[in-house]
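The values are calculated or read from the model by the stated rules, or taken from the named source; none is laboratory data. A quick note: this is a predicted structure, and the numbers were derived from the prediction, not measured. Neighbour counts are summed over all protein chains in view; Cβ atoms, including those assigned to glycine, are modelled from backbone coordinates with ideal geometry.
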Amino acid sequence: MKYKILELFKDSDDYISGEYISNTLGVTRASIWKYIKALKEEGYEFTSSTKIGYKLISRPDILNKAEVFPLLNTKYIGREYFHFQSITSTNTIAKDFAKTKPINGAIFVSEEQTQGKGRLGKHWTSPKSSGIWFSLLLTPNIPTAEISKVTLIGAAAVYLALKEFNIESKIKWPNDIIINNKKVCGILSEINGEINNINYLIMGIGLNVNMIDKDFPEELKDKATSLNLEFHSAFSRKLLLSSILNNLEILYDDFLHTRTLNKTLEVSRNSSILLGKTVQCIRGTTTMLAKAKDITEDGELLVELSDGREEKIICGEVSIRGLYGYVD
């Protein structure tokens, strides 16, 4: 109900009377006061007058349904929307939800994660209201082996969203977005299913938006960055999130309908930070040097080994690093 009250203020720069809110939504004056109070606690600023009513002064930078929903052009992605102030991990919450209600396109967004997840069990730093931390639940009718394709789609969607803000970035196959040789976004996909069929897929995306230097642990400062640190400006998280979701549905639908990655691969190849470079391929305790040549039609990384042989690297099978560092 509090967001229905908020909706009444969407196109109004003036006071709205308590009587009008009461009659329109069928709630008591006392209930209105409680809902306004709850909105204030979320960061919405209101002024009020006993005889005139309530006036919305400012909106917070928050990723609740009321702020993001009007910006979506999607048919199903984000239409089931769950917002939290602070949770352990959006992937964990999404997986718990999927066990009983695997709703295709549902997203789980949190202002903060206390146990954010990265690849290979690494922790993802997720401070409050300074990034975009969300997980998307999908139920694709595809073989388990094709999960890596969906990860590529997620990375391409983030790249395209950033481009809409005139932000040039690079994709480090398969799941990282890079700006000035530092990671600004990571993607973690997890599945539940059998060998030939996925029950559901959870794609977690973490984008460092308005984080400042002190938000990063010392050991990450030479590897990670934020949009704010790179461009010395705050960015609208709700505009970025909605753009990611809009682009993601376009690319994902194209994949499902054509069963190809053509649209995604055009983005992945043109924006790759690895292609043409010598990289380290790390498999367990073994490291081999290879030249990244292409991303195949199936989303694999095609590399040329030192003896001239070519090998296809599957997402999740091998870690890729630059010759002299993370991407260099």
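Data table
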{"item": "Residue within region 79-100 that is more than 25 Å from I62 (Cβ to Cβ) and modelled with pLDDT under 95 present", "result": "yes"}
{"item": "Single match in N210, N228, N166 (criterion: assigned to a helix (DSSP H, G or I), of a type outside the set (D, E) and assigned by TED's automatic domain parsing to the domain that holds V109)", "result": "N228"}
{"item": "Check on I179, in contact (Cβ under 8 Å) with a residue 60 or more places away in the chain and touching a helix residue (DSSP H, G or I) at 6+ places or on another chain (Cβ under 6 Å)", "result": "no"}
{"item": "Leading residue by the ranking (surrounded by the fewest Cβ atoms within 10 Å (Cβ to Cβ)) among those in region 59-80 that are of a type in the set (D, E, K, R) and over 19 Å from Y15 (Cα atoms)", "result": "K75"}
{"item": "Matching entry among R259, R321, R309, R269 (being under 21 Å from K182 (Cα atoms), at pLDDT 90 or above and of a type in the set (D, E, K, R))", "result": "R269"}
{"item": "Counted residues, region 142-174 - those being over 21 Å from A292 (Cβ atoms), of a type in the set (G, A, S) and under 15 Å from the mean Cα position of the chain (by Cα)", "result": "2"}
{"item": "Some residue of region 18-38 being within 30 Å of I244 (Cβ to Cβ) and exposed (fewer than 15 other Cβ atoms within 10 Å of the Cβ)", "result": "yes"}
{"item": "From the options L239, L265, residue that is buried (at least 19 other Cβ atoms within 10 Å of the Cβ) and in a helix (DSSP H, G or I)", "result": "L265"}
{"item": "Subset of region 213-225 [in a helix (DSSP H, G or I) and either among the acidic types (D, E) or at pLDDT 95 or above (or both)]", "result": "D213, D215, E218, E219"}
{"item": "Residue match in region 44-58 (condition: among the β-branched types (V, I, T) and either surrounded by 18 or more Cβ atoms within 10 Å (Cβ to Cβ) or in contact with a Cys (Cβ under 6 Å, 6 or more places away or on another chain) (or both))", "result": "no"}
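For every residue, the table says whether it meets (1) outside the structural domain of S135 (by TED's automatic domain parsing); (2) not in a loop (DSSP other than H, G, I, E, B).
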{"site": "K10", "(1), (2)": "yes, no"}
{"site": "K37", "(1), (2)": "yes, yes"}
{"site": "G43", "(1), (2)": "yes, no"}
{"site": "T47", "(1), (2)": "yes, yes"}
{"site": "K51", "(1), (2)": "yes, no"}
{"site": "H83", "(1), (2)": "no, yes"}
{"site": "T92", "(1), (2)": "no, yes"}
{"site": "F97", "(1), (2)": "no, yes"}
{"site": "K101", "(1), (2)": "no, no"}
